[in-house]
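K.L.:
Attaching a single structure in structure tokens format; questions to follow.
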Amino acid sequence: MTFFKHFVRWLRRLGVVVLVILTFYFTLMAYHQLKPLPPGISHTSPVYQTDNVGFFRDLTHHANDERHVDQEIFDQVERMIELADDFIVIDNFMVNGLVNDPSEDYPPLSDNLVDQLVRKRDANPDMPIVFISDAINSGYGSYPAEWLDRLRDNDIDVVISNLTPLRDSTPLYSSFWRMGPQWLGDLGGEWWENPFVDGGPKFNLGGYLDMFNIKANHRKVVITERTALVASANAHDESGFHENVAFEIEGTIINDLLRAEQAVIDLGNSGIQLPSYTPPEEPATGELSLQYTTERQTLYNVLTTIESAGEEDELWLAMYYLADREVVDALTEASQRGVQVSLILDPNKKAFGREKIGLPNRPVVEELMEDTDGEIRVRWYDVELEQFHPKMMLLRQANQSTIISGSTNFTSRNLDNYNLEASLMISGPNDADVMREVDEYFLRLWHNEGGDYTLEAEEYQNTLSEWQRVVYGVQAYLKLTTY
């Protein structure tokens with residue numbers, strides 16, 4: 001009997017301890033889902049007018065067992081760096097040359113970019129040059145970020161974004177991480193296999209645990225005093241064959257990009273201050289409207305644009321990940337009111353050299369086609385090693401078109417203030433050069449003009465299993481996804 005009483009007393013004490021821990025856990029979860037965003041995060045610029053917007057794209061297609069690569073984006077980045085006189089600010093998610101299969105002869109994007117910046121520093125020792133990136137390049141602190149360290153060694157300011165102040169995109173896990181692992185440092189030596197690169201630098205346990213927060217500075221922007229580039233492309237060798245898009249802009253809007261990047265720097269304690277930019281004295285005019293958005297502000301522009309589409313308007317998407325519930329519902333409703341919705345999507349068969357099972361795009365496509373009785377048109381990009389990596393939407397109306405493009409996949413992680421993202425909205429007449437070029441881009445891929453780019457929807461939908469649908473639903477509900 002005495003033993004039983006002691007056991008009951010022990011259970012009660014254990015229950016109190018468990019209750020306290022769970023209360024703390026769920027309090028942390030709620031706070032880090034709802035807490036105020038840091039200053040300058042989720043930014044919207046004023047609307048500016050211009051006549052000059054440049055469009056650049058990288059395309060890869062395969063014919064007769066040969067890979068055909070046509071790249072423009074990093075050629076333009078090199079020109080921007082070469083022409084810069086006053087400052088260079090770059091924010092790019094992945095900058096490294098680690099690859100799973102060196103025999104594939106990936107373009108050396110990381111070496112090329114780093115080498116050019118070092119040469120620029122040598123020729124301009126007093127020019128402000130700032131490079132902002134993500135901890136993924138160092139295995140979340142597990143090993144040296146070789147390419148970024150080369151920049152540091154050559155007196156270029158490097159900022160690894162501190163994402164802890166952001167809201168948690170994976171609350172079930174991140175609440176546990178905030179309770180203990182985040183304070184424990186490396187947690188031992190580097191002996192965990194690299195999850196991104198076979199044979200790559202080893203992770204330590206602390207880096208692995210940090211990685212599972214699935215948070216990123218996912219922006220891809222280049223800023224000089226002359227122009228700025230908003231892109232979907234990373235300076236990452238294994239991403240060198242990816243399809244991507246970018247837009248180059250100029251004028252007063254450059255100040256908004258600089259302010260948004262200063263907000264990222266201020267998440268940490270580097271103390272770096274970006275250079276000031278003096279816009280042109282005369283007010284900008286032009287037939288094109290520009291607006292720069294970051295984080296969730298992009299979602300508002302996406303939904304407003306889709307909702308403005310009417311019967312017989314054309315709505316095009318070129319997208320790596322499509323899964324955000326509000327966007328999916330808006331696309332369904334647009335199709336049901338007579339908008340011609342056409343999607344070119346990545347089949348989600350590879351990421352970081354690893355095989356994927358088609359999530360999230362294949363179950364989302366099934367839902368869209370079912371809910372619109374097949375009215376939404378879908379083609380898959382015919383990928384092999386690469387990913388179809390754009391994040392671009394085009395609304396084409398009778399006389400006016402709108403483009404939204406940047407780093408932002410149409411997923412909750414990218415659109416709901418979890419990741420750091422950057423996008424551009426461009427509006428103007430259909431006969432403007434940039435509108436014509438983007439329209440031709442979509443038609444070229446859709447109709448396989450000049451090459452085999454895309455496949456019928458059935459090519460991948462016929463392989464969608466019930467298991468994939470269940471996994472997608474569970475992951476989305478629990479927020480245990482990379483999308």
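K.L.:
Against the condition over 20 Å from the mean Cα position of the chain (by Cα), buried (at least 20 other Cβ atoms within 10 Å of the Cβ) and among the hydrophobic types (A, V, I, L, M, F, W, C), how does Ile253 come out, does it pass?
P.N.:
On the way: over 20 Å from the mean Cα position of the chain (by Cα): yes; buried (at least 20 other Cβ atoms within 10 Å of the Cβ): yes; among the hydrophobic types (A, V, I, L, M, F, W, C): yes.
Spelling it out, Ile253 is indeed over 20 Å from the mean Cα position of the chain (by Cα), buried (at least 20 other Cβ atoms within 10 Å of the Cβ) and among the hydrophobic types (A, V, I, L, M, F, W, C).
K.L.:
Considering only residues that are among the polar types (S, T, N, Q), part of a loop (DSSP other than H, G, I, E, B) and either in the same structural domain as Arg413 (by TED's automatic domain parsing) or in contact with a helix residue (DSSP H, G or I) (Cβ under 6 Å, 6 or more places away or on another chain) (or both), which ones fall in segment 203-225?
P.N.:
Once the filter is applied, which keeps residues that are among the polar types (S, T, N, Q), part of a loop (DSSP other than H, G, I, E, B) and either in the same structural domain as Arg413 (by TED's automatic domain parsing) or in contact with a helix residue (DSSP H, G or I) (Cβ under 6 Å, 6 or more places away or on another chain) (or both), segment 203-225 yields only Asn213.
K.L.:
Determine, yes or no, whether Leu274 is surrounded by fewer than 18 Cβ atoms within 10 Å (Cβ to Cβ), outside the structural domain of Leu59 (by TED's automatic domain parsing) and aliphatic (A, V, I, L, M). Working first, answer last.
P.N.:
Values: surrounded by fewer than 18 Cβ atoms within 10 Å (Cβ to Cβ): no; outside the structural domain of Leu59 (by TED's automatic domain parsing): yes; aliphatic (A, V, I, L, M): yes.
No: the conditions fail for Leu274.
K.L.:
Continuing with this model, one more query. For segment 327-354, which residues satisfy the criterion of being more than 19 Å from Glu459 (Cβ to Cβ), out of contact with any strand residue (DSSP E or B) (no Cβ under 8 Å at 6 or more places or on another chain) and crowded, with 17+ Cβ neighbours inside 10 Å?
P.N.:
Residues satisfying the conditions are Ala330, Thr332, Phe352.
K.L.:
Right, another one. How many of the residues making up segment 48-65 are within 29 Å of Ala432 (Cα to Cα) and more than 23 Å from the chain's Cα centre (by Cα)?
P.N.:
5
Here is a yes/no grid of residues against (1) aliphatic (A, V, I, L, M); (2) modelled with pLDDT under 95:
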| position | (1), (2) |
| --- | --- |
| Val327 | yes, no |
| Glu333 | no, no |
| Gly353 | no, yes |
| Lys356 | no, yes |
| Val365 | yes, no |
| Arg377 | no, no |
| Trp380 | no, no |
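K.L.:
Here's something else I'd like to know. For residues in segment 298-326 being crowded, with 17+ Cβ neighbours inside 10 Å and polar (S, T, N, Q), which is nearest to Asp371 (Cα to Cα)?
P.N.:
Checked segment 298-326; the qualifying residue nearest to Asp371 (Cα to Cα) is Thr305.
K.L.:
Closer than 19 Å to Leu148 by Cα, assigned by TED's automatic domain parsing to the domain that holds Pro108, more than 18 Å from the chain's Cα centre (by Cα) and part of a helix (DSSP H, G or I): is that true of Gly200 in this structure?
P.N.:
no
K.L.:
Please determine whether any residue of segment 60-73 is farther than 30 Å from Pro279 by Cα, among the basic types (Lys, Arg) and touching a residue at least 60 places away in the same chain (Cβ under 8 Å).
P.N.:
yes
K.L.:
When only residues in segment 66-87 that are under 21 Å from the mean Cα position of the chain (by Cα) and not acidic (Asp, Glu) count, which is nearest to His242 (Cα to Cα)?
P.N.:
Gln71
K.L.:
Answer yes or no: is there a residue in segment 226-243 that is in a loop (DSSP other than H, G, I, E, B) and touching a Phe, Trp or Tyr at 6+ places or on another chain (Cβ under 6 Å).
P.N.:
Looking through segment 226-243, at least one residue is in a loop (DSSP other than H, G, I, E, B) and touching a Phe, Trp or Tyr at 6+ places or on another chain (Cβ under 6 Å).
The values are calculated or read from the model by the stated rules, or taken from the named source; none is laboratory data. This one's a predicted model, so the numbers in the text were calculated from it and none came from an experiment. No Cβ is skipped: glycine too gets one built from the backbone with ideal geometry, and neighbour counts run over all protein chains shown.
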